[in-house]
1. Quick test of your reading of the structure: residue 132 fulfils all but one of (1) within 29 Å of residue 213 (Cβ to Cβ); (2) assigned to a helix (DSSP H, G or I); (3) within 30 Å of the chain's Cα centre (by Cα); (4) modelled with pLDDT of 85 or more. Name the failing condition by number.
2. Which numbered condition trips up residue 65, out of (1) surrounded by 15 or more Cβ atoms within 10 Å (Cβ to Cβ); (2) within 25 Å of residue 22 (Cα to Cα); (3) over 15 Å from the mean Cα position of the chain (by Cα)?
3. Hey, residue 35 hits all of (1) surrounded by fewer than 22 Cβ atoms within 10 Å (Cβ to Cβ); (2) at pLDDT 95 or above; (3) farther than 16 Å from residue 233 by Cβ but one; which does it fall short on?
4. Please name all residue pairs, on different chains or six or more residues apart, with Cβ atoms under 7 Å, provided the first residue is in the stretch 209-222 and is free of Cβ contacts under 8 Å to residues at least 40 places away in the same chain and the second residue is surrounded by 15 or more Cβ atoms within 10 Å (Cβ to Cβ).
5. Got a sec? Which of 22, 71 is surrounded by fewer than 19 Cβ atoms within 10 Å (Cβ to Cβ), under 20 Å from the mean Cα position of the chain (by Cα) and in contact (Cβ under 8 Å) with a residue 60 or more places away in the chain?
6. Would you list the helices (runs of 4 or more DSSP H) that sit entirely within the stretch 1-79 and hold 1 or more residues that are over 23 Å from residue 90 (Cα atoms)?
7. On the basis of being part of a helix (DSSP H, G or I), modelled with pLDDT under 95 and over 17 Å from the mean Cα position of the chain (by Cα), does residue 90 make the cut?
8. Considering each of 80, 96 in turn, give the residue that is at pLDDT 90 or above, surrounded by 12 or more Cβ atoms within 10 Å (Cβ to Cβ) and more than 26 Å from residue 223 (Cα to Cα).
């Protein structure tokens, strides 16, 4: 593995689209399971202060483990994904701890700043939600906000995806890996603008929509869209890092699915 970032080859959008479709086709149940887990965690798991950071780290770790399994061992994708995740869980846990402490300090400082700002302006610039918003289920109100925020942090924030990929590949060195990831985003600025900046802007625009136009249908649609975007653009991030650091521009050959024929085994034992 070469940790030094480099320019990616032209035609990346078409190449990653075809490869993402191929990885989904190899293990559709695993992909849908990751999307469902993303939606359920954000809908029902409280994330006070900076707890969203370690949760994002582990969900991204699960996503990358599932993609590596579909890429290299699609014949037994579920067990391979779990094995890959277990191999890297210690490094992910250490990184989650380090990022949690940093983001906790940042969150406290930002909270104090906005508290003083709100007190000074008497909340004049605060846009209040539609009263009907509070009639929606709590899991929907919290779930859409958490899903959009996690999508921004885990997938679209420049440097975060390479940070996850490198941590899972060579161990926990958060500062060095983040600098490498941010450098990679600068080197590939066209891709960064097209994916990261556009994705972050879209999430920021969509997050307040439910507060101003509350609707159960809209809430569910937003959560489904966020979950699908998490898998799709997270997969693009995996493919980007695989090209840049592993030097691999093609998916590995698909492996045959392994079936256990119980009747045949019983006959052999007999």
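1. The single condition residue 132 does not satisfy is (3).
2. (3)
3. Condition not satisfied by residue 35: (3).
4. 218/210
5. Going through 22, 71 in turn, just one is surrounded by fewer than 19 Cβ atoms within 10 Å (Cβ to Cβ), under 20 Å from the mean Cα position of the chain (by Cα) and in contact (Cβ under 8 Å) with a residue 60 or more places away in the chain: 22.
6. Helices (runs of 4 or more DSSP H) meeting the threshold: 12-26, 28-44.
7. For residue 90, the condition - part of a helix (DSSP H, G or I), modelled with pLDDT under 95 and over 17 Å from the mean Cα position of the chain (by Cα) - is not met.
8. Details: 96 fails: more than 26 Å from residue 223 (Cα to Cα).
It is 80.
The values are calculated or read from the model by the stated rules, or taken from the named source; none is laboratory data. Predicted, not measured: the structure shown is a model, and the values here were computed from it. Please note: Cβ atoms are built from the backbone with ideal geometry, for glycine as well, and neighbour counts cover all protein chains shown.
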